[in-house]
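Participant: Below: one structure in structure tokens.
The values are calculated or read from the model by the stated rules, or taken from the named source; none is laboratory data. Everything numeric here is computed off the predicted structure, so don't read it as measured data. Cβ placement follows ideal geometry from the backbone for every residue including glycine, while neighbour counts extend to all protein chains displayed.
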Amino acid sequence: MNVVAPLTSALNVRDQFPAITGWHYLDSAATAQKPQAVIDAIATAYGRDYATVHRGVYERSAAMTQSFEAARGAAAALIGGQADETIFTRGATEAINLVATCHPRGDRNRVLLSQLEHHSNIVPWQLAGYEIDVVPLTQDGRIDLDAAEAMANETHAIVAFAHVSNVLGSILDAKRAAGVAHKVGAKLLLDGCQAVPRLSVDVADIGCDYYAFSGHKLYGPTGIGVLWGRKELLDAMPPYQGGGAMIDRVTFERTTFLPPPARFEAGTPHIVGAVGLHAAIDWTQGIGLDTLHAHESALVRDCRDALRGMNDITLFGPDDSAGIVSFALDGVHPHDIGTILDDEGVAVRAGHHCAQPLMDHLGVPATARASFAAHSDASDIEALLRGLHKVKRIFG
């Protein structure tokens, strides 16, 4: 049995997560558990404070509108953007669909993606009629930006990459990726779902054009996400959906629309989702993203070292992956691994992780994936190892 020493840098926040008592939750890359502060903010917003936004002239509606727009400001500030460039969506998936549908592409009809993209950064481009060119990976599982630079050309409207891979945990050199896109007149969209919960992000410093992330991976609620876009790009885009709240004037003959971000937020928004997201942002910033990243990096290092000691385990991705460890056990399907680990009180992800092209590239049908968060500690790795030894005994 491999023994993992307690982390000297371990965060002492486990007791703030009521859902994980007596449970080793290693599936934070799929969705993060919620700290009590976020749960309380959501309960209060649905209870004492609840009202609609933007329409009411009564005091509580005005107060809720103020809270909703304060959440927008917090989401913008989190990634170094401005509030009037920040759109609330149902999640990163909708954010990418919005750009794929509405970005003015002119006579450019190609998008440059990478081998490791999540389906949410593949399928929207297909539905929007783009032709896709695929950038290969380096040997250790990073997007090969040398290859991307050689491939990018004036037919590409968009370069769209994951800032952090949801399977491999590899971190993109986002600033260089922006240079690759802009050199040929393309725009860079970054899928920040796995980056925003664990890395400091500054869209101005990166130089990207669009940035998408979801709330539920950032310790916030489901059903809320963010699209940041450069103001001049959003101003040039037509509405994504039609309805209330995004109009200037409606007649049966013609409708005019509000400027962004309202233009892209048709209908009653996920008011409480925004409030919960704001609470999650405040919670993570109270800890500090640099601290979170250092904590998760130490766990990843210890976990990979322990798994490397099991000679029938194959590890995927680089050693400095951000919060994620994907692996395969010889002769055992990841679904069987996940089921047996569940019996031992350990939750990992098992499957293709919405990245089937990457699985094809890796030559496996699926992987098992352990992913860490603020509440994770050495006991989670110990439980994972105990469970894997049980898997080996059963299948040995």
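Participant: Find all pairs meeting these conditions: Cβ atoms under 8 angstrom apart; at least six residues apart or on different chains; first residue within segment 290-314 and closer than 21 Å to A366 by Cβ and assigned by TED's automatic domain parsing to the domain that holds H389; second residue among the aliphatic types (A, V, I, L, M) and in a loop (DSSP other than H, G, I, E, B).
Facilitator: V300/A322; C303/V4
Participant: Among the candidates V167, V111, which residue alone is part of a strand (DSSP E or B), under 22 Å from A92 (Cβ atoms) and modelled with pLDDT of 95 or more? Talk me through it step by step, then tell me what you get.
Facilitator: On the way: V167 fails: part of a strand (DSSP E or B).
None of the other options fit; the residue is V111.
Participant: Determine whether I281 is more than 24 Å from the chain's Cα centre (by Cα), modelled with pLDDT of 95 or more and buried (at least 21 other Cβ atoms within 10 Å of the Cβ). Lay out the reasoning, then the answer.
Facilitator: On the way: more than 24 Å from the chain's Cα centre (by Cα): no; modelled with pLDDT of 95 or more: yes; buried (at least 21 other Cβ atoms within 10 Å of the Cβ): yes.
No.
Participant: Please enumerate the residues belonging to segment 137-164 that are in a loop (DSSP other than H, G, I, E, B), at negative phi and in contact (Cβ under 8 Å) with a residue 60 or more places away in the chain.
Facilitator: Answer for segment 137-164, where residues must be in a loop (DSSP other than H, G, I, E, B), at negative phi and in contact (Cβ under 8 Å) with a residue 60 or more places away in the chain: D140, R142.
Participant: Something else: So, in segment 338-387, exactly how many residues are out of contact with any Pro (no Cβ under 7 Å at 6 or more places or on another chain), more than 30 Å from D15 (Cβ to Cβ) and either in a helix (DSSP H, G or I) or polar (S, T, N, Q) (or both)?
Facilitator: Looking only at that region, the number is 6.
Participant: Taking L189 and the conditions (1) of a type outside the set (S, T, Y); (2) surrounded by fewer than 24 Cβ atoms within 10 Å (Cβ to Cβ); (3) over 19 Å from Q285 (Cα atoms); (4) in contact with a helix residue (DSSP H, G or I) (Cβ under 8 Å, 6 or more places away or on another chain), which numbered condition does it fall short on, given that it satisfies the others?
Facilitator: With (1) of a type outside the set (S, T, Y); (2) surrounded by fewer than 24 Cβ atoms within 10 Å (Cβ to Cβ); (3) over 19 Å from Q285 (Cα atoms); (4) in contact with a helix residue (DSSP H, G or I) (Cβ under 8 Å, 6 or more places away or on another chain) applied to L189, the lone miss is (2).
Participant: Only one of (1) more than 21 Å from A100 (Cβ to Cβ); (2) in a helix (DSSP H, G or I); (3) free of Cβ contacts under 8 Å to residues at least 24 places away in the same chain fails for E253. Which number is that?
Facilitator: Of (1) more than 21 Å from A100 (Cβ to Cβ); (2) in a helix (DSSP H, G or I); (3) free of Cβ contacts under 8 Å to residues at least 24 places away in the same chain, only one is false for E253: (2).
Condition check ((1) under 20 Å from D84 (Cβ atoms); (2) without any contact (Cβ under 8 Å) to a residue 40 or more places away in the chain; (3) part of a loop (DSSP other than H, G, I, E, B)) across all residues:
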site: A178; (1), (2), (3): no, yes, no
site: A195; (1), (2), (3): no, no, yes
site: R198; (1), (2), (3): no, no, yes
site: D205; (1), (2), (3): yes, no, no
site: W228; (1), (2), (3): yes, no, no
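Participant: Quick check, is E59 among the charged types (D, E, K, R), free of Cβ contacts under 8 Å to residues at least 24 places away in the same chain and in contact with a helix residue (DSSP H, G or I) (Cβ under 8 Å, 6 or more places away or on another chain)? If you could, list the steps in order and put the result at the bottom.
Facilitator: Working: among the charged types (D, E, K, R): yes; free of Cβ contacts under 8 Å to residues at least 24 places away in the same chain: yes; in contact with a helix residue (DSSP H, G or I) (Cβ under 8 Å, 6 or more places away or on another chain): no.
Judged against the criteria, E59 is not a match.
Participant: State which residue pairs qualify: first residue at positive phi and inside segment 318-329, second residue at pLDDT 95 or above and assigned to a strand (DSSP E or B) in any location, beta carbons under 6 Å apart, and separation of 6 or more residues or different chains.
Facilitator: G323/S371
Participant: Does segment 15-29 contain any residue that is modelled with pLDDT of 95 or more and under 30 Å from G207 (Cβ atoms)?
Facilitator: yes
Participant: Still on this model: Let me confirm something: among T52, T93, T89, which residue is over 21 Å from K217 (Cα atoms), in contact (Cβ under 8 Å) with a residue 12 or more places away in the chain, in the same structural domain as Y210 (by TED's automatic domain parsing) and surrounded by 14 or more Cβ atoms within 10 Å (Cβ to Cβ)?
Facilitator: T52
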